[in-house]
Amino acid sequence: MLRGMVFVDHMNFNIAVGDYYASLGKRTPNLDYNTVFRGIVSKIQNVNYTKATIFAPEPDTFLMQDPYLCGYYKWIQGMKNAKYLDVVEGRYIGRPVDDTIPMDIANKSTYYKVEKGTDINLAIHAITKAHNNAYDAAFVVSADTDYISLYRQLKMMGKIVVAVAVKGQKLGKVIPEVDDYIILDDTFFSAHLR
């Protein structure tokens with residue numbers, strides 16, 4: 001059996017799941033992360049789940065005033081206690097739209113958010129673990145085309161690369177670069193509820 005490791009661009013995944021359920025006119029379900037990643041790996045025959053790494057940003061002091069982002073970050077901190085799962089933090093930074101107008105957390109038109117570190121952290125971890133032969137198959141949970149160079153490098157290292165997206169995300173440019181792909185939908189998510 002091959003060893004599968006899951007690398008999750010969590011903000012990308014979280015937004016995609018929310019958008020998918022909004023398109024269905026349904027509330028986003030609470031997923032059981034103890035089973036979601038095992039379920040993803042089980043979709044490819046002859047691959048066993050080894051572990052997952054979630055790459056998520058830590059909101060800066062300003063963004064931590066947003067109750068949703070504060071709750072999100074507390075959830076990320078709690079995930080650090082999960083078995084067979086690691087959390088690697090990047091940064092989430094609030095920046096003013098106009099330097100002459102103070103940012104106001106209650107007024108989203110005064111600021112925008114910038115995520116830093118997720119892509120590079122995911123790529124470094126995937127390459128380092130591939131180099132150390134920690135897995136045979138990489139499951140990258142993101143439809144982001146920024147990972148195309150990573151896919152090429154992992155394949156050159158002899159690894160199987162599987163792109164994982166949520167229904168509605170476009171994988172057109174990614175598909176030629178990976179060995180396989182998985183599209184997650186309500187049937188999958190319904191089997192992995194908390």
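Candidate cross-link partners of Lys159 among the aspartates and glutamates, defined by an alpha-carbon separation under 15 Å and a same-chain spacing of 8 or more, comprise Asp136, Glu177, Asp179, Asp180. Only protein atoms count toward the accessible area here, which uses a 1.4 Å probe; on the chain, the carbon and sulfur part of that area reaches 50 percent.
Using R₀ = 41 Å, calculate the FRET efficiency as 1/(1 + (r/R₀)^6) where r is the Cβ-Cβ separation of Lys83 and Asn107; round to 0.05. In this case the efficiency is close to 0.50.
Quick one: grab the alpha carbon gyration tensor of the range 65-119, order the square roots of its eigenvalues as a ≥ b ≥ c, and give me rounded if a/c is under 1.5, else prolate or oblate depending on whether a/b is larger than b/c. Since a/c reaches 1.5 but b/c is at least a/b, the shape of the range 65-119 is classed as oblate. Translational diffusion of the range 126-194, estimated by Stokes-Einstein from the Kirkwood radius over alpha carbon pairs at 20 °C in a medium of 1.002 mPa s, is 169 µm² per second.
Each principal axis of the Cα cloud of the range 1-109 was evaluated for its coordinate range; sorted largest first, these ranges are 59, 32, 20 Å. Checking the cross-link pairs Lys26/Lys170; Lys80/Lys173; Lys129/Lys155; Lys43/Lys170 against a 23 Å limit on the alpha carbon distance flags Lys80/Lys173 as lying beyond it.
Heavy-atom accessible surface of the range 1-109, averaged per residue, reaches 54 Å², computed with a 1.4 Å probe. Anyone know which of Gly117, Gly90, Gly158 comes out most mobile in the 10 Å Cα GNM of the chain? Result: Gly158 has the largest fluctuation of those listed. Applying a DSSP loop filter and a limit of 13 other Cβ atoms within 10 Å to the trypsin sites (Lys or Arg not before Pro) in the range 64-111 leaves Lys80, Lys83. With 10 Å bins beginning at zero, the pair-distance distribution over Cα atoms of the range 11-61 amounts to 19, 40, 33, 7, 0 %.
The values are calculated or read from the model by the stated rules, or taken from the named source; none is laboratory data. All of these numbers come straight from a predicted model, not from anything done at the bench. As a convention, Cβ positions derive from the backbone with ideal geometry for all residues, glycine included, and neighbour counts pool all protein chains shown. Accessible surface is based on the protein model in full, side chains and every heavy atom, while ligands, DNA and RNA are left aside. Shrake-Rupley method; radii C 1.70, N 1.55, O 1.52, S 1.80 Å.
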